[in-house]
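Take a look at the structure below.
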Amino acid sequence: MIRRLLLLVVALTILATTAPQSAAALTTSWQKELGVSLTSVAVGAHGSIYVAGSQANGKFQTKSFLAKLSPTGTVLWTRTWLPSNKINPATHTPWYSARATAVAVATDGTIVVTGFVEKINCEGGGWFIRKYGPSGKTLHSFGRFQKRRLQQCTLAPQSTSAIAVRGNLVVVAGQDFGCCDDPASDGWVRAFDGRLRPRWEAPFEPPTTIPQPWYDTAEGISLGAGGNVYVGGWASTEPPASGFDTFSGVGAVVLEKLDATGSLAWSHTTGATMFRGSGPVSVSVRGDRAMVSAPVDGTGIRWTASQRTHAWLGRFTLDGALVWSREWGLSKKHAAAPTGISVDASMSTWVVGTQRDPTDHGLNVFVRRFGPGGKQLGQRSIGGGVSRTEGGGIAARAAAAYATGTTVAPSTGRVWRVAA
């Protein structure tokens with residue numbers, strides 16, 4: 001009898017140690033509400049947190065918004081920016097609206113922000129970069145937007161979506177896009193020195209198997225050792241549209257590598273299929289890996305989307321070879337779209353995004369953490385107490401990460417500390 005009990009204990013022990021373990025729940029230790037949206041976040045060497053997005057400027061317009069927080073979530077300072085505060089006499093509103101799309105912090109504590117500028121009553125817009133000191137002092141700026149002839153629209157539409165900094169190199173990813181619902185788009189990468197003086201620019205191009213005149217967008221960017229630039233984006237896998245309404249936007253997720261001078265090292269499709277406009281392609285490089293996330297195989301995350309997206313994550317070597325990939329949100333109830341990615345010091349990858357909430361048919365923010373080999377280590381769904389909360393960016397530090405998002409109706413920016 002005793003022998004049988006011992007055998008049973010041994011068998012149960014083996015079963016417990018070999019059975020698949022579910023991912024542990026991540027925890028949120030604090031959250032803050034700032035501005036009307038928060039799209040990006042970065043963490044400095046000493047733990048300071050920088051979040052970027054937009055702040056209301058009247059009923060329908062916004063200012064670019066940047067805030068510095070302590071590791072415990074205390075707001076240390078905020079900065080807002082517009083190209084001009086001049087008022088349009090016809091509408092009695094400012095001529096400009098601006099919003100930050102991405103933020104990055106250098107090892108010396110300086111912060112760089114990029115974003116979109118819209119001149120009211122004009123199709124399209126322009127973009128900017130601003131550099132701040134650790135105390136919030138403006139150090140340098142660069143802009144590509146219409147500064148004169150306020151009653152005319154003279155600048156081709158452009159936007160930026162991502163920024164990275166290392167040493168004396170600042171790089172942004174962006175695209176030219178068509179006016180007035182024209183689906184044309186052409187991605188690019190531009191580099192600047194520490195004073196935001198232009199150094200070089202390079203086109204974002206898919207592999208030669210996809211013709212260059214076809215549409216593409218550059219959406220994610222990360223800097224590796226030696227100043228190598230890794231760019232993620234979307235590239236159309238069908239010819240340009242003959243009519244605006246006939247362009248379906250089907251394409252591929254593309255990863256590209258440039259050297260520190262802007263010369264192309266390689267460009268690869270990742271094997272993931274993506275529709276244009278379904279969400280961003282995000283890139284984070286650390287050590288020997290380039291991590292890429294994207295919303296794939298669908299047109300959107302909202303419950304009304306005709307073809308829902310799901311989340312895709314891939315680990316690549318620094319030569320662009322796929323090592324492993326993961327997917328989730330495959331069911332209709334739990335469709336998901338990643339919006340940001342960050343690799344921590346343990347080589348674990350944090351992903352933030354938006355997922356459907358089947359309990360109220362709303363949208364929640366998700367955060368997931370994956371180990372170096374692709375095992376899911378933890379997950380968290382954040383509803384924010386409202387029926388629609390959408391993901392933004394994420395920045396990892398040690399065994400925690402800081403994620404941003406935006407609640408809708410009323411629109412409010414949010415930042416959370418999420419811990420393993």
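The values are calculated or read from the model by the stated rules, or taken from the named source; none is laboratory data. As the structure is a computational prediction, the values presented were derived from the model and not from experiment. Heads up, the Cβs are rebuilt from the backbone with ideal geometry, glycines too, and the neighbour counts pull from every protein chain shown.
Brief remarks on what is shown
- Residue, modelled with the lowest pLDDT, within the stretch 206-222, restricted to residues that are surrounded by 21 or more Cβ atoms within 10 Å (Cβ to Cβ) and under 18 Å from Leu318 (Cα atoms): Pro206
- Residues in the stretch 334-351 that are small (Gly, Ala, Ser) and either surrounded by fewer than 24 Cβ atoms within 10 Å (Cβ to Cβ) or not in a strand (DSSP E or B) (or both): Ala335, Ala345, Ser346, Ser348.
Table: residues versus (1) surrounded by 20 or more Cβ atoms within 10 Å (Cβ to Cβ); (2) in contact with a strand residue (DSSP E or B) (Cβ under 6 Å, 6 or more places away or on another chain); (3) part of a loop (DSSP other than H, G, I, E, B).
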{"position": "Trp324", "(1), (2), (3)": "no, yes, no"}
{"position": "Leu363", "(1), (2), (3)": "yes, yes, no"}
{"position": "Leu377", "(1), (2), (3)": "no, yes, no"}
{"position": "Val386", "(1), (2), (3)": "no, yes, yes"}
{"position": "Thr389", "(1), (2), (3)": "yes, yes, no"}
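- The criterion of at least 3 residues that are touching a Ser or Thr at 6+ places or on another chain (Cβ under 6 Å) and either in contact (Cβ under 8 Å) with a residue 24 or more places away in the chain or among the acidic types (Asp, Glu) (or both) is met by the following strands (runs of 3 or more DSSP E) wholly inside the stretch 162-267: 169-177, 216-223, 229-236, 250-258.
- Residues being modelled with pLDDT of 85 or more, outside any strand (DSSP E or B) and under 26 Å from Ile221 (Cα atoms) - total across the stretch 81-124: 7
- When we screen Ala265, Ala252 for residues that are over 17 Å from Val172 (Cα atoms), of a type in the set (A, V, I, L, M) and surrounded by fewer than 16 Cβ atoms within 10 Å (Cβ to Cβ), the only hit is Ala265.
- Test: residue in the stretch 131-138 that is surrounded by 17 or more Cβ atoms within 10 Å (Cβ to Cβ), modelled with pLDDT of 95 or more and either among the polar types (S, T, N, Q) or not in a loop (DSSP other than H, G, I, E, B) (or both): yes
- Screening the stretch 303-330 for residues that are farther than 22 Å from Lys257 by Cα, modelled with pLDDT of 95 or more and of a type outside the set (D, E, K, R) and picking the one that is nearest to the chain's Cα centre (by Cα) gives Ala311.
- Filter pass, Leu318 being in a loop (DSSP other than H, G, I, E, B) and either more than 25 Å from Ala104 (Cβ to Cβ) or in contact with a strand residue (DSSP E or B) (Cβ under 9 Å, 6 or more places away or on another chain) (or both): yes
- Selection count, the stretch 28-49, where residues are of a type outside the set (S, T, N, Q), part of a strand (DSSP E or B), out of contact with any Leu (no Cβ under 7 Å at 6 or more places or on another chain) and surrounded by 20 or more Cβ atoms within 10 Å (Cβ to Cβ): 4
- Filter result for Phe192 (buried (at least 24 other Cβ atoms within 10 Å of the Cβ) and either among the hydrophobic types (A, V, I, L, M, F, W, C) or modelled with pLDDT under 95 (or both)): no
- Residue match in the stretch 179-202 (condition: β-branched (Val, Ile, Thr) and under 23 Å from the mean Cα position of the chain (by Cα)): yes
- Every listed requirement among (1) farther than 23 Å from Ser70 by Cβ; (2) crowded, with 16+ Cβ neighbours inside 10 Å is met by Ala409 save one, (2).
- Tally, over the stretch 67-83, of residues that are touching a strand residue (DSSP E or B) at 6+ places or on another chain (Cβ under 8 Å), hydroxyl-bearing (Ser, Thr, Tyr) and without any contact (Cβ under 8 Å) to a residue 40 or more places away in the chain: 2
- Of the numbered criteria (1) modelled with pLDDT of 95 or more; (2) crowded, with 20+ Cβ neighbours inside 10 Å; (3) not polar (S, T, N, Q), the one Arg289 fails is (2).
- When the stretch 336-346 is filtered for residues that are under 19 Å from Gly393 (Cα atoms) and more than 18 Å from the chain's Cα centre (by Cα), only Ala345 remains.
- Subset tally (residues that are under 17 Å from Gly314 (Cα atoms) and either touching a residue at least 40 places away in the same chain (Cβ under 8 Å) or within 18 Å of the chain's Cα centre (by Cα) (or both)) for the stretch 347-371: 11
- Screening the candidates Ser84, Ser54 for the property of being exposed (fewer than 15 other Cβ atoms within 10 Å of the Cβ), on the phi < 0 side of the Ramachandran plot and touching a Phe, Trp or Tyr at 6+ places or on another chain (Cβ under 8 Å) yields one hit, Ser84.
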